[in-house]
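The values are calculated or read from the model by the stated rules, or taken from the named source; none is laboratory data. Just so we're clear, the structure is a prediction, and the values are computed from it rather than from any experiment. Every residue, glycine among them, receives a Cβ derived from its backbone with ideal geometry; neighbour counts consider all protein chains shown. Surface areas here come from the heavy atoms of the whole protein model, side chains and all, with no ligands, DNA or RNA. Shrake-Rupley method; radii C 1.70, N 1.55, O 1.52, S 1.80 Å.
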Amino acid sequence: MTNVSPKLRLEIEDLYARYAALLDEGPLDQWPSLYFENGSYRAVTAENVKRGWALALILCESRAAIEDRVYAIANLSMTIPRRIRHVISGFIVEPERDAWKVSANFAMFETVEGQQTVCFAAGRYHDVVARDTNGSLRFREKLSICDGALIRNSLVYPL
């Protein structure tokens, strides 16, 4: 594991904190701003990765596709009211040319109105983070790998 400066580590952790806050508390329409125009988001299962299968639970190959996902969540999804909560820990940061490979554990909890909170999914992120022309960190690639092969119900929100 390569050491990175404490300042950079804090900046990266702040990016992930903003990621979780926008998904959990909103406004959701600002979530795509954390990605480069050509940035990607994929959610897959560890089983599919192990078997070399390309099948994704969610696949967004550009910021425009991520924006479409936000529109669908906000305007087309018919779901029971719920709250979600992301917990992210165990960061490992490795320099890669003009970017950083970042991996971290995640757990996403879901509380459906009137029901007990449950762990919806847990796994590991394998991401590529870089600076934009203004010096802000953004995601070039975000890969969410779920430990479990099954999701309790349909995956609406990003992991």
>> Suppose we filter the range 53-81 for residues that are closer than 18 Å to Cys146 by Cβ and either open to solvent by less than 70 Å² (accessible area, probe 1.4 Å) or touching a Pro at 6+ places or on another chain (Cβ under 8 Å) (or both); how many remain?
In response: 4
> Restricting attention to the range 19-52, which residues are closer than 16 Å to His126 by Cβ and out of contact with any strand residue (DSSP E or B) (no Cβ under 7 Å at 6 or more places or on another chain)?
Replying inline: Tyr19, Glu47, Asn48, Lys50, Gly52
> Do you know which residues across the range 14-36 are aromatic (Phe, Trp, Tyr) and either over 11 Å from the mean Cα position of the chain (by Cα) or modelled with pLDDT under 95 (or both)?
Replying inline: Phe36
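Can you tell me which residue in the range 119-147 is surrounded by the most Cβ atoms within 10 Å (Cβ to Cβ), limited to those that are of a type in the set (D, E, K, R) and not in a strand (DSSP E or B)? Break it down stepwise before answering.
Residues of the range 119-147 of a type in the set (D, E, K, R): 124, 127, 131-132, 138, 140-142, 147.
From what's left, not in a strand (DSSP E or B): 132, 147.
Numbers: Asp132: 10, Asp147: 14.
The extreme case among them is Asp147.
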>> Go through (1) charged (D, E, K, R); (2) modelled with pLDDT of 95 or more; (3) over 16 Å from Leu10 (Cα atoms); (4) more than 12 Å from the chain's Cα centre (by Cα) for Arg131 and report which single condition fails.
In response: (3)
> Among the residues of the range 2-43, which ones are polar (S, T, N, Q) and surrounded by fewer than 19 Cβ atoms within 10 Å (Cβ to Cβ)?
Replying inline: Thr2, Asn3, Ser5, Gln30, Ser33, Asn38
> How many residues are touching a Phe, Trp or Tyr at 6+ places or on another chain (Cβ under 7 Å), open to solvent by 50 Å² or more (accessible area, probe 1.4 Å) and not hydrophobic (A, V, I, L, M, F, W, C) if we restrict to the range 89-118?
Replying inline: 2
> Could you give every pair whose Cβ atoms fall below 6 Å, whose first residue belongs to the range 98-123 and is farther than 16 Å from Val44 by Cβ, and whose second residue is part of a loop (DSSP other than H, G, I, E, B), counting only separations of at least 6 or pairs across chains?
Replying inline: Phe109/Thr117; Thr111/Thr117; Val112/Ile80; Glu113/Pro81
> If Val49 passes every condition in (1) open to solvent by 40 Å² or more (accessible area, probe 1.4 Å); (2) closer than 19 Å to Trp31 by Cα; (3) of a type in the set (Val, Ile, Thr) but one, which one does it miss?
Replying inline: (2)
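Just checking, which of Ala74, Ala43 is at negative phi, more than 16 Å from the chain's Cα centre (by Cα) and touching a residue at least 12 places away in the same chain (Cβ under 8 Å)?
Checking each option against the conditions leaves just Ala74.
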